[in-house]
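Engineer: Quick one: structure below, then a few questions.
The values are calculated or read from the model by the stated rules, or taken from the named source; none is laboratory data. The structure presented is a predicted model; accordingly, all values stated were derived computationally and were not measured. So basically every Cβ, Gly included, is an ideal-geometry build from the backbone, and we count neighbours across all protein chains shown. Note: areas computed on protein heavy atoms with side chains; ligands, DNA, RNA excluded. Shrake-Rupley method; radii C 1.70, N 1.55, O 1.52, S 1.80 Å.
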Amino acid sequence: MKLKEKIIEIVLQFFASITILTTVGIIAVLLFESITFFKSVSIIDFFTDTKWTPLYSNQHFGILALVSGTVLTSTIAISIALPIGLTIAIYLNMYASKTFRKTLKPFLEILAAIPTVVYGFFALSVVTPFLQKIYPGLETFNSLSAGIVMGIMIIPFVSSLSEDALSAVPKSLKEAAFGMGSTKFQTSFRVMVPAASSGITVSVILAISRAIGETMIVAIAAGQQATFTFNPMVPIQTITSYIVQVSMGDAPQGSIEYKTIFAAGLTLFVFTFLLNSFSFYIKKKYQEKYE
């Protein structure tokens with residue numbers, strides 16, 4: 001019996017370690033290929049140059065052109081997802097009945113289950129033509145429509161995690177606010193949201209990480225022009241969409257152009273790692289506060 005338990009324990013440890021080994025392997029590949037890339041390209045130029053043209057004869061390796069596109073679409077997405085997602089979370093926690101809450105949550109989960117390629121074509125074929133009626137100068141490929149649809153996609157992340165944070169607030173705070181004569185609106189925004197601010201911050205950070213790592217929506221709807229700009233009406237290119245472009249065979253494997261995807265991937269990994277680490281720190285601090 002002890003032998004069987006030991007075997008089961010070893011098997012479980014092996015499967016649990018797969019995620020760690022996978023992460024270590026990804027980091028090792030990114031670091032190794034990036035080191036060989038930076039032997040040919042100045043790391044200072046990589047982080048300071050605003051031109052990104054590794055596939056052209058006049059080559060520039062300024063990652064800021066891709067970073068600006070990534071930041072622009074993510075900013076638009078979170079500006080859409082945060083107010084809508086937080087409003088939904090407050091409504092579910094403070095106003096909705098249990099029956100309606102059980103009905104609405106599955107519909108929110110459907111948004112997260114839709115393939116991102118569908119979102120991309122929706123942005124290109126529906127959202128962009130609609131926005132062009134409002135802004136005639138809007139180009140076919142732009143970061144505005146891509147950011148808006150990305151925001152719709154990450155609404156479930158914000159609403160679900162924020163609602164969990166609101167539910168974790170001690171009921172005594174809510175009851176005390178009602179006992180002082182506060183309305184539901186006053187209790188929601190003056191008591192519940194401030195008390196759950198750490199959890200809400202975590203949901204926002206995780207949603208930003210999701211937006212930064214999004215690929216298909218920006219690859220389809222935002223274009224493939226690496227331009228250092230914060231104008232949402234023109235085509236841009238993000239780090240993820242560039243990786244897709246080169247991975248499809250636009251550069252010979254092993255060339256300096258091909259190795260740019262590893263340097264860009266390492267940059268993206270660092271961004272998301274820092275965001276996730278910060279969210280973990282906030283979450284840990286939030287849990288310790290109420291335990």
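Engineer: In the list Ser57, Ser40, Ser68, Ser34, which residue meets the criterion of being exposed (fewer than 10 other Cβ atoms within 10 Å of the Cβ) and in contact (Cβ under 8 Å) with a residue 40 or more places away in the chain?
Structural biologist: Numbers: Ser57 fails: in contact (Cβ under 8 Å) with a residue 40 or more places away in the chain; Ser68 fails: exposed (fewer than 10 other Cβ atoms within 10 Å of the Cβ); Ser34 fails: exposed (fewer than 10 other Cβ atoms within 10 Å of the Cβ).
The match here is Ser40.
Engineer: Determine which member of the set Gly147, Gly199 is at pLDDT 85 or above and open to solvent by less than 20 Å² (accessible area, probe 1.4 Å).
Structural biologist: On the way: Gly199 fails: at pLDDT 85 or above.
Sole residue among the options that is at pLDDT 85 or above and open to solvent by less than 20 Å² (accessible area, probe 1.4 Å): Gly147.
Engineer: Taking the stated definitions as given, is Val158 open to solvent by less than 10 Å² (accessible area, probe 1.4 Å) and in contact with a Leu (Cβ under 9 Å, 6 or more places away or on another chain)?
Structural biologist: Taking the combined requirement at face value, the residue satisfies it.
Engineer: Within the stretch 112-144, can you find the residues that are touching a Pro at 6+ places or on another chain (Cβ under 8 Å) and either under 28 Å from Thr187 (Cβ atoms) or crowded, with 18+ Cβ neighbours inside 10 Å (or both)?
Structural biologist: Scanning the stretch 112-144 gives Phe141, Asn142, Ser143, Leu144.
Engineer: Which is in a helix (DSSP H, G or I) and within 22 Å of Thr215 (Cβ to Cβ), of Ile78, Ile90?
Structural biologist: Details: Ile90 fails: within 22 Å of Thr215 (Cβ to Cβ).
Sole residue among the options that is in a helix (DSSP H, G or I) and within 22 Å of Thr215 (Cβ to Cβ): Ile78.
Engineer: Pairs only if they're at least six apart or on different chains, beta carbon under 7 angstrom, first in the stretch 160-186 and more than 11 Å from Gly199 (Cβ to Cβ), second among the small types (Gly, Ala, Ser) and open to solvent by less than 50 Å² (accessible area, probe 1.4 Å); list them, first residue then second.
Structural biologist: Taking only residues 6 or more apart or on different chains, the pairs are Leu173/Ala195.
Engineer: In the stretch 1-31, how many residues are open to solvent by 100 Å² or more (accessible area, probe 1.4 Å) and under 30 Å from Ile256 (Cβ atoms)?
Structural biologist: Result for the stretch 1-31: 1.
Engineer: Inspect all residues belonging to the stretch 209-220 and state whether any of them is more than 30 Å from Glu163 (Cβ to Cβ) and touching a residue at least 40 places away in the same chain (Cβ under 8 Å). Can you show your working first?
Structural biologist: Restricting attention to the stretch 209-220, the residues satisfying the condition of being more than 30 Å from Glu163 (Cβ to Cβ) are 219-220.
The next check asks that each one be touching a residue at least 40 places away in the same chain (Cβ under 8 Å); those that pass are 219-220.
Checked the stretch 209-220: at least one residue is more than 30 Å from Glu163 (Cβ to Cβ) and touching a residue at least 40 places away in the same chain (Cβ under 8 Å).
Engineer: Now, a different point. For the stretch 88-98, give me the residue count where each residue is surrounded by 15 or more Cβ atoms within 10 Å (Cβ to Cβ) and free of Cβ contacts under 8 Å to residues at least 60 places away in the same chain.
Structural biologist: Qualifying residue count, the stretch 88-98: 2.
Engineer: Let me ask you something else. So is Val41 of a type in the set (A, V, I, L, M, F, W, C) and outside any helix (DSSP H, G or I) or not? Don't jump to the end; show me each part of the working.
Structural biologist: Working: of a type in the set (A, V, I, L, M, F, W, C): yes; outside any helix (DSSP H, G or I): yes.
It is true that Val41 is of a type in the set (A, V, I, L, M, F, W, C) and outside any helix (DSSP H, G or I).
Engineer: Among the residues of the stretch 163-185, which ones are part of a loop (DSSP other than H, G, I, E, B) and either more than 14 Å from Ile90 (Cα to Cα) or open to solvent by less than 60 Å² (accessible area, probe 1.4 Å) (or both)? Reasoning before the result, please.
Structural biologist: The first filter runs over the stretch 163-185 and keeps only residues part of a loop (DSSP other than H, G, I, E, B), leaving 168-170, 180-183.
Of everything in the stretch 163-185, those that are part of a loop (DSSP other than H, G, I, E, B) and either more than 14 Å from Ile90 (Cα to Cα) or open to solvent by less than 60 Å² (accessible area, probe 1.4 Å) (or both) turn out to be Ala168, Val169, Pro170, Met180, Gly181, Ser182.
Engineer: If a residue counts only when it is over 25 Å from Tyr119 (Cβ atoms), which helices (runs of 4 or more DSSP H) contained entirely in the stretch 195-291 have at least 2 such residues? Break it down stepwise before answering.
Structural biologist: Working: elements: 197-212, 216-221, 239-245, 256-290.
Helices (runs of 4 or more DSSP H) meeting the threshold: 197-212, 256-290.
Engineer: Right, next: With respect to Phe262, is the statement that it is farther than 24 Å from Leu82 by Cα, in contact with a Lys or Arg (Cβ under 8 Å, 6 or more places away or on another chain) and either open to solvent by less than 70 Å² (accessible area, probe 1.4 Å) or not acidic (Asp, Glu) (or both) true? So that I can check it myself, show each step before the final result.
Structural biologist: Working: farther than 24 Å from Leu82 by Cα: yes; in contact with a Lys or Arg (Cβ under 8 Å, 6 or more places away or on another chain): no; either open to solvent by less than 70 Å² (accessible area, probe 1.4 Å) or not acidic (Asp, Glu) (or both): yes.
Here the answer is no, as Phe262 does not meet what is asked.
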